[in-house]
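Reading through the structure tokens given below for one structure.
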Amino acid sequence: MSEQIKQITVIGHKNPDTDSICSAIAYADLKSRTDSSAKYKAGRAGQINPETEYVLDYFGIKAPEFVADVKTRISDIEIRKAPGIGRNTSLKKAWEQMKGANAVTLPVTDNGKLEGIITIKDIVNAYMEIYDQGILSLAKTPYSNLIETLEGDLINGNPDEIITEGRILVGAGNPEIMEEYIAPKDIVIVSNRSDAQLCAIEMGAGCIIVTGGTVISKTTKGLAEANGCNIISTKFDSYSVARLINQSAPVGHFMKTDGIVSFRDDTYIDDVKKVMADKRYRDFPVIGANGKYCGMISRRHLMNIQGRPLVLVDHNEKTQAVDGIGEASILEIVDHHRLASIETMSPIFFRNQPVGCTGTIIEQMYHEAGITPDKEISGLLCAAILSDTLLFRSPTCTAADVAAGERLAALAGIDVQKFASDMFHAGSSLTGKSAEDIFYQDYKTFSVNGVKFGVGQISSIDKTGLDEVKKLLEPYMDGFCESHGVDMVCMMLTNIIEEGSDLMFEGENAAEILSKAFRTDAENGKLINLPGVVSRKKQLIPSIMAALQG
């Protein structure tokens with residue numbers, strides 16, 4: 001993984017609005033054009049709302065990939081990329097590979113799929129505890145394994161032939177004695193004695209292994225060929241051959257296939273730790289989403305884990321961030337909201353400006369880098385500014401927002417009045433939407449003095465449409481606090497043209513808190529009219545927090 005280009009996700013807040021999505025896409029583009037050391041990709045922490053969907057469709061941009069959480073997974077860390085060995089690999093070769101890799105476990109694979117695992121313990125047991133003379137035939141050993149293990153030469157025979165019968169014998173006696181114990185297909189270890197070689201062949205041996213680097217006579221070769229007997233010549237003496245020969249057996253016979261504890265590469269590290277605490281194995285295979293083996297993981301890989309690298313845009317509050325943010329490695333934050341609760345392990349690049357939109361800051365960063373955003377990116381950033389500043393009507397709007405919006409509109413080739421009108425109309429349309437869809441179009445949660453509350457906002461240039469939204473949301477919000485674990489919930493229904501909002505609310509002490517915040521009583525106990533209030537960030541949230549703080 002250290003040799004690969006780091007993958008960094010640029011992501012906005014949950015229940016993303018147009019600024020959150022468009023700024024993530026634009027900043028990922030800017031970072032990709034200015035930083036070749038990493039690959040930046042936009043992500044989203046929630047569903048795209050209709051307004052944003054309209055913007056993306058208008059400029060032909062694909063929505064960012066949904067990121068459900070950023071909890072650390074196996075795929076986010078470096079694991080041992082131990083290559084798999086085939087089931088016909090000899091025990092000797094597997095042992096040498098383990099020593100070379102300083103490993104105690106090797107995966108056995110077939111076409112990339114995990115078949116089993118072989119451990120040092122398995123190899124030691126095979127060497128120390130197996131006395132079966134027929135082990136090579138029982139294990140279906142290829143002759144190529146014998147040749148490799150004994151560092152020998154095949155004088156006669158087929159290296160791909162599989163040993164399916166016969167015992168391992170040492171032809172150390174005279175021919176009369178050898179005739180009494182050699183059976184057809186046996187594998188006979190013989191020295192430089194030609195009489196012993198010929199005797200073994202005549203008795204039907206499947207293979208003779210001639211030790212000591214002895215030159216094989218033409219007579220022996222001819223008789224072996226006529227009788228279908230393989231001949232292997234090796235430099236090792238008979239004692240060494242007898243010690244080594246069992247190590248030519250294939251690992252497929254000894255490998256573990258049942259009860260293997262493995263992990264998918266998308267398994268959370270927290271879940272991996274729980275399994276490792278219960279299972280005292282050294283290494284565990286990792287399987288990719290395609291079912292293919294991709295590496296081994298052990299406890300040492302869980303030390304000093306660096307979480308998934310993220311760049312946050314349009315938020316710096318933990319309650320609004322993608323799930324698992326506490327495990328992530330935050331590299332940068334670009335935002336225009338109040339400073340809140342996200343903490344980092346080390347210093348990071350943090351750009352926070354009192355402007356009406358994160359898109360404005362990113363437009364400035366393009367300019368500072370000497371880069372002109374293309375037509376599509378310009379359109380996305382312009383849409384973000386128009387959305388967040390309510391067509392420059394919001395009290396959060398600054399001269400910087402207006403200037404950036406005008407520059408971007410020119411690059412994108414759009415008329416801001418017409419584009420904004422169509423965009424807001426798409427966002428407030430009720431066609432095919434449920435109350436839940438509408439409610440979560442732009443919803444954020446906040447916490448102050450132990451009180452957790454949520455605030456959503458629907459903006460429209462159509463008063464009739466907002467009245468319909470109000471009727472649809474009233475029954476949905478009833479009992480919302482209890483079922484969603486918040487103390488208070490509010491929904492701003494903002495009329496962009498009239499520059500005011502109706503505030504729907506629920507919660508045990510909500511009427512008292514909101515009456516205190518805005519110095520006005522609720523209508524029918526469920527609604528407060530707020531003329532001139534159109535900004536959640538600058539007008540609504542500060543007033544609510546001030547009331548909660550007394």
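The values are calculated or read from the model by the stated rules, or taken from the named source; none is laboratory data. These numbers come from a predicted model, not from an experiment. Because the Cβ atoms are built from the backbone with ideal geometry, glycine has one as well, and the counts that use them run over all protein chains shown. To get the accessible areas, we keep the full protein, side chains included, count just its heavy atoms, and leave off ligands, DNA and RNA. Shrake-Rupley method; radii C 1.70, N 1.55, O 1.52, S 1.80 Å.
Pairs exceeding 21 Å between alpha-carbon atoms, taken from K41/K375; K93/K121; K433/K537; K516/K537; K274/K452: K433/K537; K274/K452.
Using a Debye calculation, one point per C-alpha and no hydration shell, please list log10 I(q)/I(0) for region 207-320 at q = 0.12, 0.15, 0.19, 0.23 Å⁻¹ in order. Here the Debye-derived log intensity ratios amount to -0.72, -0.85, -1.06, -1.30. Helix 269-278 sits at what angle to the longest principal axis of the chain, using alpha carbons and giving 0 to 90 degrees rounded to 10? It is inclined by approximately 40 degrees.
With Cα atoms as the point set, the radius of gyration and Dmax of region 418-550 evaluate to 14.2, 44 Å. Here's the picture: charge each Lys and Arg Cβ at +1 and each Asp and Glu Cβ at -1 in the chain, and of P83, T9, G134 the one pushed furthest to the positive end of that dipole is G134. The C-alpha atoms of the chain define a longest principal axis, and helix 120-129 lies at about 20 degrees to it.
Divide by every residue of the chain the summed helix terms, -39500 (n - 2.57) for each DSSP H run of at least 4, and state the resulting mean residue ellipticity at 222 nm, rounded to the nearest 500 deg cm²/dmol.
The helix contribution divided over the chain gives -10500 deg cm²/dmol.
Relative to the longest principal axis of the Cα atoms of the chain, helix 18-34 runs at roughly 50 degrees.
Ordering of 460-470, 172-182, 389-399 by packing is 389-399, 460-470, 172-182, highest average first (other Cβ atoms within 10 Å, averaged per residue). A DSSP coil position with no more than 16 other Cβ atoms inside 10 Å describes the following trypsin sites (Lys or Arg not before Pro) in region 300-381: R338.
Shown here for region 269-365: GluC sites (Glu not before Pro) in loop regions (DSSP other than H, G, I, E, B) with at most 13 other Cβ atoms within 10 Å, namely E343. Per residue, the average separation of C-alpha pairs within less than 8 Å and at least 6 apart gives region 1-126 a relative contact order of 18 percent.
Once the cut-off is 20 Å, how many percent of the Cα-Cα pairs in region 377-464 end up in the long-distance tail?
Summing the P(r) of region 377-464 above 20 Å gives 46 percent of all pairs.
Shape class of region 281-355 from the alpha-carbon gyration tensor: prolate, with a/c at 1.5 or above and a/b greater than b/c.
Distance between Cα centroids, region 305-352 to region 157-205: provide it in whole Å. Using only Cα atoms, the two centres lie 74 Å from each other. For region 287-359, which chymotrypsin sites (Phe, Trp or Tyr not before Pro) are both in a DSSP coil and crowded by at most 14 other Cβ atoms within 10 Å? The qualifying sites: there are none. Placing +1 on the Cβ of every Lys and Arg and -1 on the Cβ of every Asp and Glu, with no other charges, gives region 171-256 a dipole of roughly 460 debye about its Cα centre. Most simply put, the chain has about 50% antiparallel DSSP beta bridges, counting only bridges with both residues inside it.
Can you tell me which of 431-437, 235-241, 214-220 comes out highest on packing, and rank the rest after it, using the mean Cβ neighbours within 10 Å?
235-241, 214-220, 431-437
Translational diffusion of region 83-236, estimated by Stokes-Einstein from the Kirkwood radius over alpha carbon pairs at 10 °C in a medium of 1.306 mPa s, is 96 µm² per second. Stretching E499 away from R193 to a fully extended chain increases their span by 99.3 nm, per 0.36 nm per residue minus the current alpha-carbon distance. For V170, the amide hydrogen comes within under 5 Å of the amide hydrogens of I189, counting only partners 5 or more places away or on other chains and with H modelled in the peptide plane. Farthest toward the positive end of the dipole of the chain, out of G507, F66, L154, is the Cα of L154, where the dipole comes from beta carbon charges about the Cα centre. Placing a label point 7 Å from the Cα of E343 along the Cα-to-Cβ direction, the residues of region 295-330 whose backbone N falls under 17 Å from that point are 307, 316-321, 324-330.
Given an 8 Å cut-off on Cα distances and at least 6 residues of separation, report the relative contact order of the chain as a percent. Contact order relative to length: 14 percent. Counting 0.36 nm for each residue step from K279 to D153 and taking away their Cα separation leaves a gain of 40.9 nm. The value obtained for region 281-421, namely the Cα convex hull volume divided by the number of residues, is 179 Å³ per residue. Among M492, P395, L473, which residue has its Cα furthest toward the positive end of the charge dipole of region 381-512, with +1 on Lys/Arg Cβ and -1 on Asp/Glu Cβ? Result: P395, furthest along the dipole toward the positive end.
Placing one equal scatterer on every Cα of the chain and applying the Debye formula, the log10 ratio I(q)/I(0) at q = 0.06, 0.11 Å⁻¹ is -0.51, -0.95. Magnitude of the charge dipole for the chain, about its Cα centre and with charges confined to Cβ atoms of Lys, Arg (+1) and Asp, Glu (-1), is about 1400 debye.
Across region 228-323, the mean sequence separation of Cα contacts (distance under 8 Å, 6 or more residues apart), normalised by length, yields a relative contact order of 17 percent.
With the whole protein complex present, L530 retains an accessible surface near 10 Å², based on a 1.4 Å probe.
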